[in-house]
Every structure is written in structure tokens, then in C-alpha cells.
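Before any comments, here is the structure.
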Amino acid sequence: MTLTERLVAIDDFMYLYILVGLLIIIGVFLTIRTNFVQLRYFPESFKVVMEKKTDKEAISSFQALMVATASRVGTGNIAGIATALVAGGPGALMWMWIMAIIGGASAFAESTLAQVYKERDGAIFKGGPAYYIRKAMGKNWLGMVFAVLLIITFAYGFNGLQAYNIVSAFEYYSSDWQHSSVPVYLGIILTVVATLLFFGGVEKISKVSSILVPIMAALYIILGLTVTIVNIGKLPEVVSMIVTDAFDFRAIFGGMLGSCLVMGIKRGLFSNEAGMGSAPNAAASSDVSHPVKQGLVQVLSVFIDTMVICSTTGFLVLFSGVYEKGGAKDGIPLVQAAVETVFGSIGVHVMTAAVVLFAFTSLIGNYFYAEFNARFISDNKAFLFVFRITCCVMVFVGAINSMAGAWALADITMGFMAIVNIIALFCLNGVVKKVLDDYTRQKKAGKDPVFKAKEVGIENTTPGIWE
């Protein structure tokens, strides 16, 4: 067995038998603990996301939402969903929706904690699991472990993969891709653009994300709606197929590992990243009057990722007529074929643009997370300069190499990162409850909630932020 095969085997075992279960448990636990906050306050999330920031130089709730969505919404929302449908069946889509609802509580809790324990970094804020592990739990060493795992996962593993996805999307246009120098040229262009963004700072990244992500999502949704409208007569059949397959428990337990339940839960959890500890790094950066507001904004991000983008891919595939459970066509080629049934060959070009946009926004969102964790380790300018250089180099390396082994390793480090975050969420659920109760009291009194940590009985927050 090769090293890559060993890494893939470890990756499969960790996710299937450990991480999926832990994420479901923490999601259900926090759903009950917060009295279904992700449903009770869902309409509120639309209001708070549009609130104005008080500091002109700070990052707004909307910008933080777009950064988190940029990282969450990637090529996995196209290829990953198609693969889940082929391997697990149409019912996988239903289980993705169910996990988005459960995972919303985890996303709320981790992002609220990130706000409570954030720190100021010049005109902006920084924070995330590494910060609340150090401040609230008093475990600086564990915070360091989390920061290192996140950097390996997002800055080097996932960004290498996203760079490869961007470049490989152009393979369709080459007659001899294996011997072409096009990947090198594309890798150089991508690295230059990434360098400008990475060295431009998190403010520039948040602004670029706030422009690109809405455009990307809107174009893809329009694509999905068009295919749905053209095939509207199939709607009852498709909905019936999703529901029937989702609750065919005899089939599910007869082939558990490849069932719609397992594939839907796994793909749903790792698409929206709820409870994984990544999105709180973006959530901490925004300027809000109460931590719960940004927690609710991240619930909205989970909704956008799963209920909107993943569902768009699901319906694209199921409506097209080219879908076949267990079929040979899978991933992005399956979605391209689905789009081609309505748009012809131009559909392939549209999908190429979608893959590039999805992968590029993930690239900058992933870097945003990594930089905040690099700053947790050290604010030394020389250290940060070297860190940024290595991130830029990794973009180029990823662009010209598939790096299957590095991808599996990044998956494993993300698994350990998530386990550390889940432990923290269990330990700090009382803080989440206190902050949520404070928000609810102020809302019932007709106030625009303003958080003061000491009045709620929460210690170890950063001086000057929640006083």
C-alpha cells in the first residue's frame, strides 16, 4: 500500500466512524441547548446581516458573511454533491438539508464564541477557535495546536487543491493537456493574483469576496433555475424520488457505507463546515454590537451553502435526465452533462467559469482563515512575510500538481482540527447560552441588543471590546 493509499484509508476511517458522529452529536446537543436558535431566529439573521458597521475601517457583518461563504462554497458544492448523488442516491439531498438545520446550531455557537473572545488587530478584529480556546479555556497550547492544524489544512492543503481545480478546469480546451505548458502559465497568473491579495491584507480579501461571492452564487442559481424551469414537468417525480429514497431504511441499512444517509450527512457536514472551526475565523472579524448577531449571520451562511448552492447542483443533476445512481459519469463531468442538456456546448463554458469562480473564492477565503491563525502564533512581521510567501508558493505548486497525498493529509488535519473545536464547543456551551439569553432579554425589552461581558458574568474577554 502506497503512502497516499494509507492516508486515504485513515481519512475515510476518521470521517466515517469518528467525525460524522461527533458533528451530529454536537449539532443536536447545541440545537437543544439553544432551543433551536437556528430556526427561532432565522428571520432575524436577514436583518442583522445588513446592519451598518460603526467603524468605517472595520469589516461589516455582510463582508464577514461573504468571506465565510467564499470558503464554504467551493468546487465541492459542484463535484462533491454530484458524487454524493451517484454514490448514495437522490435521498442524499434530503439528508444534506437535515444536516444543514442541525449544523446551524454549531455554526451559531462557534461564531458567537469567536465574537465574544475576539481581539483587536489595528482597525479590524481577529479571532476564532484558537483564541477562545486560549482565553475561555485557558489552554494556550491547545490553541496553538488548533492554529497549526488549520494553517496546514487551509493554507497549504486546500489552497493547493483549489489552485489545481482552477487550472484543470481549462483541460477541456486543450488537445494535449499532458504535454502542454498552459498549466504553468495559468499557475503563474494565478500566483500573481493570489500574491496581490495575500499581501493586500484581510481588508482587501473581504472586499473582493463581498463582490465576487454574490455574483458567483447568483449566476449559478440562475443556471439551476433555468434547468429546473425547462424541466418543470418533472418536479413532482424528482421530489418524490428524493423523499422516497431518503427514508428507504431497508436500502439504507442494507448498504450503510454507501447509503444516501451516510453520503448525504457526510457531504452536508463537510460542505457547510458547521462545527469544523473554520468559519469562526471570519465571524470574529466583523464589527457588531452583540456577538449573537454574527452567530446568526453564520447560520445564514450555512443556509446559503447547503440549502441554496448544494440544492442547485442537486436539482441540476436530477432534472437533467443524465443522472444514474451508480453510473459511470460522476463529479464535474456529470454536472457539465446536465447543463449541456439545456444550454448545449455553451453549458460547458459556463461550468468552467463556475468552477474557476468557486475555486478562486475558496482560495482567498481559506487564506483569510490561515492568516488569523498565523497571527495567533506570532505577530512578528518577518514571520508573517515568510508565511505569506509560502502560501503563494503553494498556490503555484498546487496549480501544476494534483497532490492526491497532500489532499488526503489536509483532510486528516482538518479532522483533528474539528475534533479540537468540538471539545471546545462542549466545554463552552454555557457561555453560548448566557450570551444568547442576554440577546433574547434585550430583544424582548424592545432594545437593539448591546453586549457587555461583565454584566452577563463572562470573564477573560479582551479589554476595551465588550466593556
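The values are calculated or read from the model by the stated rules, or taken from the named source; none is laboratory data. Since the structure is predicted, the reported quantities are computational estimates derived from the model, not experimental observations. FYI the Cβ positions are ideal-geometry reconstructions off the backbone, even for glycines, and counts take in every protein chain you see. Please note that ligands, DNA and RNA were not included when accessible areas were found on the heavy atoms of the full protein model with its side chains. Shrake-Rupley method; radii C 1.70, N 1.55, O 1.52, S 1.80 Å.
Among the listed pairs K47/K447; K293/K454; K47/K135; K52/K447; K234/K266, those with a Cα-Cα distance over 24 Å are K47/K135; K234/K266.
Based only on Cα atoms, what Rg/Rh ratio does the range 16-171 have, Rh being taken as Kirkwood's radius?
With Rh from the inverse mean 1/r over Cα pairs, Rg/Rh is 0.98.
Expressed as cubic angstrom per residue, what is the convex hull volume of the alpha carbon set of the range 333-467?
Working: hull volume 29.8 nm³, N = 135.
Looking at the range 333-467, the number lands at 221 Å³ per residue.
Evaluated with a Cβ-only charge set (Lys, Arg +1; Asp, Glu -1), the chain carries a dipole of roughly 1240 debye about its Cα centre, given to the nearest 20. Taking the accessible area of the chain, probe 1.4 Å, and keeping the other protein chains in place, the carbon and sulfur fraction comes to 66%.
The calculated FRET efficiency for W141 paired with F247, based on their beta-carbon distance and R0 = 56 Å, is about 0.80. Give the calculated FRET efficiency between L384 and Y173 to the nearest 0.05, with a Förster radius of 41 Å applied to their Cβ-Cβ distance. Efficiency, rounded to the nearest 0.05: 0.60.
Put simply, the amide H of D121, placed in the peptide plane, has neighbours under 5 Å in K126, leaving out anything fewer than 5 places away on its chain. Annotation: S320 carries an accessible surface of approximately 10 Å², with a 1.4 Å probe and no ligand, DNA or RNA atoms counted.
Two-decimal Rg/Rh of the range 416-467 from alpha-carbon positions, Kirkwood Rh? Could you put the intermediate results ahead of the total?
Working: Rg = 13.4 Å, Rh = 12.5 Å.
Ratio of gyration radius to Kirkwood radius: 1.07.
Annotation: D12 carries an accessible surface of approximately 70 Å², with a 1.4 Å probe and no ligand, DNA or RNA atoms counted.
Report the calculated FRET efficiency for V184 and L3 (r = Cβ-Cβ distance, R0 = 25 Å), to the nearest 0.05. Computed FRET efficiency for V184 and L3: 0.45.
Pairwise Cα separations in the range 86-168 fall into 5 Å bins from 0 onward with the following percentages, short to long: 3, 12, 12, 14, 16, 18, 13, 7, 3, 1.
Summarise the long-distance tail of P(r) for the chain by giving the % of C-alpha pairs beyond 36 Å. All intermediate terms of the calculation are to be shown ahead of the outcome.
On the way: 27118 of 108811 pairs.
The share of Cα pairs beyond 36 Å in the chain comes to 25 percent.
Entry comment: accessible area of the chain is 39 Å² per residue, from protein heavy atoms only and a probe of 1.4 Å. Taking the range 292-393 on its own, what percent of its Cα-Cα pair distances exceed 24 Å? So the pairs more than 24 Å apart make up 48 percent of the total in the range 292-393.
Give me the extension gain from I400 to I25: residue separation times 0.36 nm, minus the current Cα-Cα distance, reported in nm with one decimal. Intermediate values should be presented prior to the final figure.
Details: separation 375, 0.36 × 375 = 135.00 nm, distance 3.95 nm.
Here the segment from I400 to I25 would lengthen by 131.1 nm.
Computed with a 1.4 Å probe on the full set of protein chains, the accessible area for I215 sits at about 90 Å². Excluding same-chain neighbours fewer than eight residues apart, the aspartates and glutamates reachable from K139 by a Cα-Cα span under 18 Å are E110, E119, E459. Here the contact order of the chain, divided by its residue count and restricted to Cα pairs under 8 Å and six or more residues apart, works out to 36 percent. Shown here are the Rg and Dmax of the Cα trace of the range 1-55, at 19.3, 57 Å. Could you work out how far helix 346-377 tilts from the main Cα principal axis of the chain, as a 0 to 90 degree angle to the nearest 10? The two axes meet at around 30 degrees.
Calculated from DSSP H runs of 4 or more alone, at -39500 (n - 2.57) each and per residue, what is the 222 nm mean residue ellipticity of the chain, nearest 500? Walk me through the numbers on the way to the answer.
Numbers: 24 runs with 327 residues, N = 467.
Helix-only estimate at 222 nm: -22500 deg cm²/dmol.
Rounded to the nearest 10 degrees, the inclination of helix 331-343 to the longest alpha-carbon principal axis of the chain is 70 degrees. The relative contact order of the range 334-467 comes to 9 percent, based on Cα pairs under 8 Å that sit 6 or more residues apart. Against the criterion of solvent-accessible heavy-atom surface with a 1.4 angstrom probe, F170, F385, F198 sort, most first, into F385, F170, F198.
Please determine, in degrees from 0 to 90 and to the nearest 10, the orientation of helix 159-168 with respect to the longest principal axis defined by the Cα atoms of the chain, where the helix direction is its Cα long axis. The answer is roughly 30 degrees.
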